[in-house]
1. Does G4 count as farther than 28 Å from Q208 by Cβ, open to solvent by 10 Å² or more (accessible area, probe 1.4 Å) and touching a Phe, Trp or Tyr at 6+ places or on another chain (Cβ under 8 Å)?
2. Would you mind finding the one in A174, A73, A117, A170 that is under 29 Å from R327 (Cβ atoms) and within 18 Å of the chain's Cα centre (by Cα)?
3. With respect to the numbered conditions (1) away from the ligand (no atom under 16 Å from the Cβ); (2) in a loop (DSSP other than H, G, I, E, B); (3) open to solvent by less than 40 Å² (accessible area, probe 1.4 Å), which one is the sole condition not fulfilled by L156?
4. Keeping to the range 282-301, report how many residues are within 33 Å of the chain's Cα centre (by Cα) and open to solvent by 70 Å² or more (accessible area, probe 1.4 Å).
5. State which residue is surrounded by the fewest Cβ atoms within 10 Å (Cβ to Cβ) when the search covers only the range 176-204 and only residues that are closer than 21 Å to T308 by Cα and more than 15 Å from the ligand (Cβ to nearest atom).
6. Within the set of pairs 6 or more residues apart or between chains, which connect a residue that is in the same structural domain as E169 (by TED's automatic domain parsing) inside the range 182-196 to a residue that is open to solvent by 30 Å² or more (accessible area, probe 1.4 Å) with Cβ atoms less than 6 Å apart?
7. Considering only residues that are modelled with pLDDT under 95 and either hydroxyl-bearing (S, T, Y) or in a strand (DSSP E or B) (or both), which ones fall in the range 2-14?
8. Return only the number of the condition from (1) at pLDDT 90 or above; (2) of a type in the set (A, V, I, L, M, F, W, C); (3) surrounded by fewer than 19 Cβ atoms within 10 Å (Cβ to Cβ) that L254 does not satisfy.
Amino acid sequence: MSDGTHVAEQVTLARLPSGVELTTTVHTYRGEGSGPTLYVQAAQHGREINGTAVLRRFHDRLPLESLSGTVVAVPVANPLTFDRVSYTAPHSIDSVNDNMNRVWPGDESGSLHQRMAARLWEYIENADAVVDLHTGSPDMLPHVVYLEADEPSAALARAFGTDLLLAEEAAEDAPEEWHRRGFAGKLRVAATQEGIPSITPELAHSRQIIEDVVEYGVEGLLSVLSHLEMLPQEYARERGPDRDDAPVIARNHLGQVTADESGLFRPNPDLELGQSVSKGISLGTIYQPTTYDVLERPVTDREGILYTLTREATVTAGSKLASVAIRDEELGLE
Ligand SMILES: [Zn+2]
């Protein structure tokens with residue numbers, strides 16, 4: 001009896017101006033039994049390396065002998081930004097859109113990012129579910145984002161199992177900012193709109209591998225496979241029947257608290273990620289570093305769940321200090 005197969009193939013995503021081919025590795029795991037196809041990728045934003053670390057560990061942990069169906073995994077979706085440890089690619093490489101996650105489903109005769117996306121879309125369009133692994137910065141509570149009102153995507157998010165789930169409004173329901181920032185071109189949005197349930201786990205910080213978050217991400221992927229009936233039930237993430245153990249569902253409202261002044265930011269030491277806050281709570285203090293003068297005392301812009309907070313840092317006017325998601329009771333689980 002065969003135990004399933006793993007194949008790693010080198011795929012050319014695009015050609016650079018010099019003629020050098022930009023390649024990445026696509027891993028395909030085929031189970032012995034038939035079943036759906038899950039597509040999972042990491043590091044569209046190259047500094048977001050926790051997802052890449054998740055896929056390496058997932059490779060070691062996936063019980064191929066128990067797999068039904070196919071998993072396609074791309075640990076580095078964007079080698080350009082990976083090498084630069086950056087979020088975006090330089091203008092000289094892509095003058096149309098420096099952010100790969102705004103161009104999906106791509107265009108095989110378009111700009112560099114559009115071509116890269118179009119090449120990977122060939123795998124995605126045949127998938128039954130998509131997990132696009134990201135991380136946030138500078139300090140972020142792990143959470144999963146999905147398109148509000150898309151129940152199969154919401155079920156995938158619950159299966160991944162973070163304590164916080166963020167439902168994002170889309171298309172005609174979305175605020176103007178959603179359109180202005182080109183969110184329709186996110187992989188998760190493009191795939192969901194093609195009828196492929198999709199989620200974006202945001203696994204804590206950028207630029208550093210966070211051990212327990214990586215482990216949490218691997219367990220989340222195995223739990224998603226169990227939800228899709230590609231792995232046995234024992235791989236589902238355990239959540240107790242207790243209401244307190246249910247995930248908090250909130251709305252990804254896009255807005256965030258930004259600094260009005262440049263200086264050194266000291267966050268309010270009493271705040272913890274994941275806590276409920278009301279509007280007008282102190283987020284900390286921005287000081288003038290040479291005179292010690294207080295320049296600004298930023299506060300929360302709304303009531304909800306605090307899910308990102310900048311740690312002690314040099315900030316410039318306009319930098320993000322914190323994000324608060326609006327708890328959405330209407331979307332709450334039974
Ligand atoms: Zn990202």
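The values are calculated or read from the model by the stated rules, or taken from the named source; none is laboratory data. On a predicted model such as this, the values are computed, not experimentally measured, just so you know. Positions of Cβ are generated from backbone atoms using ideal geometry, with glycine treated the same way; all protein chains shown enter the neighbour counts. The area values use the complete protein model at the heavy-atom level, side chains included, leaving out ligands, DNA and RNA. Shrake-Rupley method; radii C 1.70, N 1.55, O 1.52, S 1.80 Å.
1. yes
2. Every option except A170 fails the conditions.
3. (2)
4. Let us first name the residues in the range 282-301 that are within 33 Å of the chain's Cα centre (by Cα), namely 282-287, 296-301.
From what is left, the residues that are open to solvent by 70 Å² or more (accessible area, probe 1.4 Å) are 287, 297.
Counting residues in the range 282-301 that are within 33 Å of the chain's Cα centre (by Cα) and open to solvent by 70 Å² or more (accessible area, probe 1.4 Å) gives 2.
5. So, considering only residues that are closer than 21 Å to T308 by Cα and more than 15 Å from the ligand (Cβ to nearest atom), the one surrounded by the fewest Cβ atoms within 10 Å (Cβ to Cβ) is E177.
6. G182/R102; G185/R102; A190/P105; T192/D150
7. If we filter the range 2-14 for residues that are modelled with pLDDT under 95, which is where we start, we get 2-4.
Matches in the range 2-14: S2 only.
8. So L254 meets the others, but not (1).
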